[in-house]
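Participant: Let me begin by handing over the structure; questions about it come next.
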Amino acid sequence: MRRQASALAVALLGLLLTLPAAAGAQARRIDVWSGVVLNCGRDTTLAWAERVCHQLIGEMRKQAEQAKVRFVAVPVFADDATLDRRAADEGLDMFRILHVRFDVSPPTGSLKSRDLTLVLRSLNAGSLFERRMDGPYKLLTHTPMIIVNEGEAAARAPFLAKTLTEAFFLPLLRPVP
């Protein structure tokens, strides 16, 4: 009887010791990566697109700080090697970073509508492959997009940046199922 009580006490103690670890193991989806590196795509040289990009950097930096996610911004278009170097300079593991590129599509239609997109790429997660000189990059399927009239884009820059930031962070801050 004493052995059973002793075994039960050890089992309960083991359970109690593992409960906080299991609760802490409820990781968020974004925790797969060591941080986020954001850069602006080639077509963000338009004055209004550059304004949206700078607003986006500010919004994402603010959200990353709140979520305790490491964040590096490169406000100009840069190749993968430059982005990896910049991430490494900030202490991020290039094999565990989430690259986010803000892109603007060419104008379409008489209103000159453009798609504002976040293209997410990583070396460690995803499903579609993009080749780069030093190995495969994986494109992720989560790409928030907003369609905006070119004439309204500059005035709506804060709204656009906030909307893209929320569309990026909300799904990634949820716990892993």
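Participant: All but one of (1) at pLDDT below 90; (2) buried (at least 19 other Cβ atoms within 10 Å of the Cβ); (3) over 30 Å from E152 (Cα atoms); (4) β-branched (V, I, T) hold for V10; state the number of the condition that does not hold.
Facilitator: (2) is the only condition that V10 fails.
Yes/no matrix, rows are residues, columns are (1) at pLDDT 90 or above; (2) under 30 Å from P177 (Cβ atoms):
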{"site": "A23", "(1), (2)": "no, yes"}
{"site": "L38", "(1), (2)": "yes, yes"}
{"site": "Q55", "(1), (2)": "yes, no"}
{"site": "E65", "(1), (2)": "yes, yes"}
{"site": "V72", "(1), (2)": "yes, yes"}
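Participant: In segment 27-68, what residues are open to solvent by 20 Å² or more (accessible area, probe 1.4 Å) and part of a loop (DSSP other than H, G, I, E, B)?
Facilitator: Result: A27, W33, S34, L46, K68.
Participant: Let me ask you something else. Quick check on segment 95-107. Is at least one of its residues closer than 17 Å to N39 by Cα, in a helix (DSSP H, G or I) and at pLDDT 90 or above?
Facilitator: No, there is no match, as no residue in segment 95-107 is closer than 17 Å to N39 by Cα, in a helix (DSSP H, G or I) and at pLDDT 90 or above.
Participant: In addition: Considering segment 57-75 alone, what residues qualify as being under 30 Å from E150 (Cα atoms), of a type in the set (A, V, I, L, M) and out of contact with any strand residue (DSSP E or B) (no Cβ under 6 Å at 6 or more places or on another chain)?
Facilitator: none
Participant: So which residues in segment 74-94 are out of contact with any helix residue (DSSP H, G or I) (no Cβ under 7 Å at 6 or more places or on another chain) and closer than 11 Å to N39 by Cβ, if there are any at all?
Facilitator: Residues satisfying the conditions are V76, A78, D79, D80, T82, L83, R86.
Participant: Just for segment 76-125: of the residues that are within 24 Å of L173 (Cα to Cα), free of Cβ contacts under 8 Å to residues at least 60 places away in the same chain and out of contact with any strand residue (DSSP E or B) (no Cβ under 7 Å at 6 or more places or on another chain), which one is surrounded by the fewest Cβ atoms within 10 Å (Cβ to Cβ)?
Facilitator: Within segment 76-125, the match that is surrounded by the fewest Cβ atoms within 10 Å (Cβ to Cβ) is G91.
The values are calculated or read from the model by the stated rules, or taken from the named source; none is laboratory data. For clarity, every value in this text was computed on a predicted model and none was experimentally measured. Ideal geometry is used to build each Cβ from the backbone, glycine not excepted, and the neighbour counts take in all protein chains shown. Just the protein is used for accessible areas: all its heavy atoms, side chains included, with ligands, DNA and RNA removed. Shrake-Rupley method; radii C 1.70, N 1.55, O 1.52, S 1.80 Å.
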